[in-house]
Amino acid sequence: MSERILVTGASGFVGTALVAALMRAGHAVLAATRHPEAASLPRGAEAIAVPDFRQSIDWAPMLAGVGSVVHLAGIAHVGPKVDTAVYDRVNHVATADLAAACARAGVRRVVLLSSVRAQCGIAATHVLRDADEPRPSEAYGRSKLMAEAAVRAERGAWTILRPAMVYGPGAKGNLAHLMRIAALPLPLPFARFANERSILGLENLVSAIAFVLGEEACARETYLVADPKSLTLAEIVAALRCGAGRRPRLFPVPPAVFEAGLKLIGRADIWQRLGGTLVVDPSKLIAAGWRPDPDTRAGLARMVQAAGAAGVPRPSGATSRR
């Protein structure tokens with residue numbers, strides 16, 4: 001069933017891919033973004049400007065005739081320099097305002113893109129499952145958890161997705177840093193990093209959003225979202241190198257050496273991101289009928305290849321595999 005769908009954050013990393021996918025599926029898309037004139041949106045998408053989420057927004061005109069809303073916009077997890085009040089205003093209060101407006105307008109379904117960080121910290125000592133009690137460890141995760149509560153408080157149908165770290169063409173943050181490390185024309189000391197991480201391909205995230213939009217059984221449910229199989233850090237780096245046409249060339253250094261050094265200089269947070277374990281179980285969404293691509297290694301390789309095709313230089317010495 002095709003419908004008119006409002007997507008906030010439509011010009012972002014996830015939003016651009018989602019708008020294109022929804023339009024291919026025959027939906028009319030209202031793409032809300034702060035800078036529509038600069039957005040690279042598919043032909044036929046209706047771009048509309050929204051103000052900074054630190055301001056109050058009148059959603060009513062944008063919701064006229066809209067069947068579903070996918071709320072992607074918000075301030076990303078960018079570290080301790082962001083004031084807690086900004087996280088609360090942009091991620092929580094703005095979401096609450098939009099959810100209330102959707103209820104007044106009779107919107108059929110609201111899909112909120114939350115985060116795995118609404119459920120846990122940088123790392124976890126056990127496999128995360130949907131039934132686990134949320135225990136966010138910092139302002140970003142807490143603001144996402146409060147946004148979830150605001151959506152749940154409104155009448156009508158909603159679905160909340162908590163994605164793991166997302167990879168794909170144009171990925172930023174930790175994945176971008178890891179790509180730069182993997183691109184170095186040197187052997188890398190990660191062979192003994194057996195800590196597992198769940199990550200999520202952009203295409204899989206887009207397919208998850210499209211799936212819950214059309215699945216009535218997913219109404220008023222919250223789902224963790226990740227690729228079906230986690231990888232060790234060593235496997236992730238090897239897959240990134242494979243995408244650049246390189247052999248892995250990983251050699252063993254005890255992870256404890258990295259841990260001690262980073263903690264010594266006061267960067268235990270980097271150690272948690274590098275050496276911590278964070279495994280997410282997406283079986284609840286899979287049981288509902290979502291069918292993700294299971295090949296994470298191939299997805300990581302395609303990400304690197306897409307970066308090369310977009311003009312990002314490959315590391316010297318890299319060869320093409322055909």
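The values are calculated or read from the model by the stated rules, or taken from the named source; none is laboratory data. No experiment lies behind these values; they were computed from the predicted model shown. Note that each Cβ is placed from the backbone with ideal geometry, even for glycine, and that neighbours are counted across all protein chains shown.
Points to keep in mind about this one:
- Residues in segment 1-57 that are under 22 Å from Leu202 (Cα atoms), touching a residue at least 60 places away in the same chain (Cβ under 8 Å) and either outside any helix (DSSP H, G or I) or touching an Asp or Glu at 6+ places or on another chain (Cβ under 8 Å) (or both): Ile5, Leu6, Val7, Thr8, Gly9, Ala10, Gly12, Ala17, Ala25.
- Qualifying residue in segment 255-262 (condition: farther than 27 Å from Pro169 by Cβ, of a type in the set (Val, Ile, Thr) and part of a helix (DSSP H, G or I)): yes
- Whichever residue in segment 104-147 is among the hydroxyl-bearing types (Ser, Thr, Tyr) and farther than 22 Å from Ser207 by Cβ and, among such residues, is surrounded by the most Cβ atoms within 10 Å (Cβ to Cβ): Ser143
- Pairs, first on the phi < 0 side of the Ramachandran plot and in a loop (DSSP other than H, G, I, E, B) in segment 215-244, second among the hydroxyl-bearing types (Ser, Thr, Tyr) and at pLDDT 95 or above, C-beta under 6 Å, six or more apart: Ala226/Ser198; Asp227/Thr296; Ser230/Ser198
- Options Ala219, Ala238; residue that is surrounded by 18 or more Cβ atoms within 10 Å (Cβ to Cβ), of a type outside the set (Asp, Glu) and in contact with a Phe, Trp or Tyr (Cβ under 9 Å, 6 or more places away or on another chain): Ala238
- Taken over segment 240-265, residues that are closer than 18 Å to Asn195 by Cα and in contact with a strand residue (DSSP E or B) (Cβ under 9 Å, 6 or more places away or on another chain) amount to 3.
- Residue in segment 196-210 that is modelled with pLDDT under 95, on the phi < 0 side of the Ramachandran plot and not charged (D, E, K, R) present: no
- Hey, Ala38 at pLDDT below 95 and surrounded by fewer than 23 Cβ atoms within 10 Å (Cβ to Cβ) or not: yes
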